[in-house]
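Comments concern the structure below.
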Amino acid sequence: MEENTKERSLNFVEEIIENYLSEHPGAHIQTRFPPEPNGYLHIGHAKSICLNFGLAQRYGGKCNLRFDDTNPVKEDTEYVDSIKEDIKWLGFDWALERYASDYFDQLYVWAKQLIEKGLAYVDDQTQEEIRLGRGTISEPGRESPWRNRSVEENLRLFEEMKNGSYADGEKVLRAKIDMAHPNMLFRDPIMYRILHTEHHRTGNKWCIYPMYDYAHGESDSIEHITHSICTLEFDVHRPLYDWFIAQLGIFPSHQYEFARLNITYTVMSKRKLLQLVKEHFVNGWDDPRMPTICALRRKGYTPASVRAFAERVGVAKRDNVIDLSLLEYCVREDLNRTAERRMAVIDPLKVVITDYPEGKSECFEAVNNPEDETVGKRSVPFGREIYIERADFMEVPPKGYYRLSVGSEVRLRYSYLIKCQEVVKDTEGNIVELHCTHDPLSGGGSSSDGRRVKGVIHWVSAADAVKAEVRLYDNLFAKESPDDVEEGKTFLDYLNPDSLVVKTAYCEPSLLCAKVGDKFQFERVGYFCVDPDTTADSLVFNRTVTLKDTWAKLQKK
RNA sequence: UGAGCUAUGGUGUAAUUGGUAACACAGCAGAUUUUGGUUCUGUCGUUUUGGGUUCGAGUCCCGAUAGCUCAACCA
């Protein structure tokens, strides 16, 4: 992919890989992206996807997609499908599609081997007893009374567990390690629990299911994963990951951890995202305000922009919070190059060109994309009555304002120079209409006398305007770090009440042909894309991101 | 009986592995511009702290401090 060829220094994972490659001449790397199919992927996963698949591409290796489906109570094929769709949309393809559940038979055999080696036992304690027995962070745990059962008894019990002789929670299989270990995970971790639950792939074949710690390393090993890359919170799991592989004597996969992605003005935890959806603070997983991949797609982000973002945030081990502005920069950078320009008025104010003949109309040529001549030009109709943006007129213009005001002249983009002569107000004093005159010699380009006008505003012919619903999105949260909650509050208290504003816009008629997913720059306003809610007789646009607005910034000061 | 991980401008990430701390985003100022967009130029500002080793330390050593992770039959 083009952005991978750019020169830049190596991140720490790439350094590890280059060392590995130089120490193993002729070897190739194998990575994997291992989501649990229990929810939708978000931008944090996109970073992981770009890392795992990107590394494989860059170093001539392979990357598998492996669903970590060891907990049937939370998982579903619905999520499997959405995950695959998102990865493909991002522009990646996996070598092998695998499931941890593909390995249930092998995992069961290995568990019996560990029992035979005296390294695992069946524990009859209740969940509560096990929890208490584990001790705490500063006190050692206690050994289970069932810890020293014979190999034969453990083997028999484990098989009975598998055969369904026990109810959920009655027994577990535990690794026999060290109940006083400073790493809590080594205090006889649970390897298998009983779950009489149908699995989305194995159906009712199994009623015992392996835990993450027991399944993950072995699954990596089976696939000969050379570099098992995960996020920092799994750091404490690595010794256990290595322990199982060592005890079994199987292919030595190795785990490396990087810091997960955080972005300002949003949350990234699956739990919180689920709550936003379930409690209808947003309209589903693909609500464009969500940080999910499907939401970004719907909002109008391009795969290339998300990839570029993943590349720019870097890979390191320290906790980080990326400025949302970087994500926005990435999508603007891409869309500026690729999105065709159109004119649309979001907050309309009618303008009558009083000296333009009634009933007359004409067309002006407009450049589709100044960054890309190959996409040509289009024709935009003009008439006596047009709409302009309310913000493009001010009765009392502040210093530095060079749009329209009474007596001032502006350029209508691609069209005439107009001068405002009169403001028409309703009985309450609201501006309802502007009366302007035009310079008939200024159409499209130069002015008759070479005078230059600084202000250029966009417009739409009233007679030809196409109405569209535009959904203007802002940050979901009003607080930069909604995860940092003050006493007595929750992250929900920081939701931005204005994260979605819906307006009816007047669009130039060429937009009538726009299809779902099409992306445009509405000149001087922002990037927009056609939402799937669009029907034959109603156009709906999502605002992907605004244009940079230096003027608005100046005004805030 | 606590263990592990991490500390570099506002935010991220680098630093040829001990040799002038740089790049991007954000900010600020200006130029260009029929988008207050784009582009271009300039500018602001950085090694948590205290010792030590060394001609020389962001990098090595020792000690503090701060942040994060771990006590699900979740992943």
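The values are calculated or read from the model by the stated rules, or taken from the named source; none is laboratory data. Being a predicted model, the structure only gives us computed values, none of them experimental. Quick reminder, even Gly has a Cβ in these numbers, built from the backbone with ideal geometry, and neighbours come from all protein chains shown. Just the protein is used for accessible areas: all its heavy atoms, side chains included, with ligands, DNA and RNA removed. Shrake-Rupley method; radii C 1.70, N 1.55, O 1.52, S 1.80 Å.
Numbers at a glance
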| quantity | calculated |
| --- | --- |
| Rounded to the nearest 20 debye, dipole of region A:1-124 from Cβ charges on Lys, Arg, Asp, Glu | 360 |
| Dipole of region A:166-269, positive end: most advanced residue of A:Tyr241, A:Pro252, A:Ala175 [Cβ charges, Cα centre] | A:Ala175 |
| Accessible surface of A:Ile222 - all protein chains present, 1.4 Å probe, nearest 10 Å² | 60 |
| Charge-dipole axis of region A:75-175 as Lys and Arg at +1 and Asp and Glu at -1 on Cβ define it, positive-most pick from A:Ile83, A:Leu114, A:Trp94 | A:Leu114 |
| Acute angle (nearest 10 degrees) that the helix A:12-23 long axis makes with the longest principal axis of chain A, alpha-carbon atoms | 50 |
| Within the accessible area of chain A (1.4 Å probe), percent carbon and sulfur | 49 |
| Rounded accessible area of A:Phe158 (nearest 10 Å², 1.4 Å probe) | 0 |
| Relative contact order (percent, whole number), region A:186-246, Cα cutoff 8 Å, 6+ residue spacing | 32 |
| Sites matching trypsin sites (Lys or Arg not before Pro) across region A:362-403 that sit in DSSP coil, with at most 11 neighbouring C-beta atoms within 10 Å | A:Lys399 |
| At most 16 other Cβ within 10 Å, DSSP loop - trypsin sites (Lys or Arg not before Pro), region A:47-132 | A:Lys74, A:Lys117 |
| Rounded to the nearest 20 debye, dipole of region A:318-416 from Cβ charges on Lys, Arg, Asp, Glu | 200 |
| Coil-residue GluC sites (Glu not before Pro) of region A:314-346, DSSP, other Cβ within 10 Å capped at 10 | none |
| Probe 1.4 Å, all protein chains present, accessible-area order of A:His227, A:His28, largest first | A:His28, A:His227 |
| Across A:Lys88/A:Lys377; A:Lys84/A:Lys171; A:Lys299/A:Lys479; A:Lys84/A:Lys503; A:Lys299/A:Lys425; A:Lys62/A:Lys317, pairs whose alpha-carbon gap is larger than 30 Å | A:Lys88/A:Lys377; A:Lys84/A:Lys171; A:Lys84/A:Lys503; A:Lys299/A:Lys425 |
| Accessible area, probe 1.4 Å, largest first, for residues A:Ile137, A:Ile130 | A:Ile137, A:Ile130 |
| Principal-axis tilt of helix A:77-90 within chain A, Cα atoms, nearest 10 degrees | 50 |
| Per residue value of the accessible surface for region A:150-259 (all protein chains in place, 1.4 Å probe), Å² | 38 |
| Mean Cα-pair separation over length for chain A, i.e. relative contact order, pairs under 8 Å, 6 or more apart, % | 11 |
| Dipole in debye (nearest 20) - chain A, about Cα centre, beta carbon charges: Lys, Arg +1; Asp, Glu -1 | 1020 |
| Neighbour net charge for A:Gln125 - beta-carbon separation under 12 angstrom, K R +1, D E -1 | -1 |
